[in-house]
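Student: Just passing along the structure, written as structure tokens.
The values are calculated or read from the model by the stated rules, or taken from the named source; none is laboratory data. Bear in mind that the values here come from a model prediction, so they are computed numbers and not experimental data. With ideal geometry, Cβ positions are generated from the backbone for all residues, glycine too; neighbour counts draw on all protein chains shown.
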Amino acid sequence: MTLSIINPATAEEQPGGGPLILLVSPDLLSTSRIAGLARDVGGRLETLRSLDAPLPGGPYDLVLLDLQSLSGDPAVLVTRVLALVHPHRDAQSDKLTRLVAFGPHVAKDRLDQAQAAGADAAVSRGELLGGFPAIVKRFCR
């Protein structure tokens, strides 16, 4: 099942053509909170609640992978997400979608495993929520 939370305006209609962000998480509380943060930076958020579901859209500027809400080996999760989103990269620029994994700060091993598997960054949930504008700016160039 997928859940899309999108501003009514398309990226082209938004000031500055805000980023399209994919949140990979079954956690509805995270979805709601991150959707608000995405709106605050002029972006749009789509949610993929299961890695077995089709992508709701794309191409994405940024993918956020919730390592706390998804069980399994972080390296496998990162590999599966990258395999889902990279075929849908922007054909115009051929840029690859950036992936940021996040989870509890006490799960440092899972965060490190995600980054070693190919995530562009792995941050704590607090870093993601508290520094959301900076993360979007850093990874959505």
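Student: Exactly one condition in (1) of a type outside the set (Phe, Trp, Tyr); (2) within 14 Å of the chain's Cα centre (by Cα); (3) under 18 Å from Phe139 (Cα atoms); (4) at pLDDT 95 or above is not met by Leu77; state its number.
Tutor: So Leu77 meets the others, but not (3).
Student: Inspect all residues belonging to the stretch 58-66 and state whether any of them is more than 19 Å from Gly18 (Cα to Cα) and in contact with a Pro (Cβ under 7 Å, 6 or more places away or on another chain).
Tutor: No.
Student: Exactly one condition in (1) within 23 Å of Gly36 (Cβ to Cβ); (2) over 13 Å from the mean Cα position of the chain (by Cα); (3) at pLDDT 95 or above is not met by His105; state its number.
Tutor: For His105, the failing item is (3).
Student: I'd like to know if the stretch 84-93 contains one or more residues that are modelled with pLDDT of 95 or more and surrounded by 19 or more Cβ atoms within 10 Å (Cβ to Cβ).
Tutor: Within the stretch 84-93, not a single residue is modelled with pLDDT of 95 or more and surrounded by 19 or more Cβ atoms within 10 Å (Cβ to Cβ).
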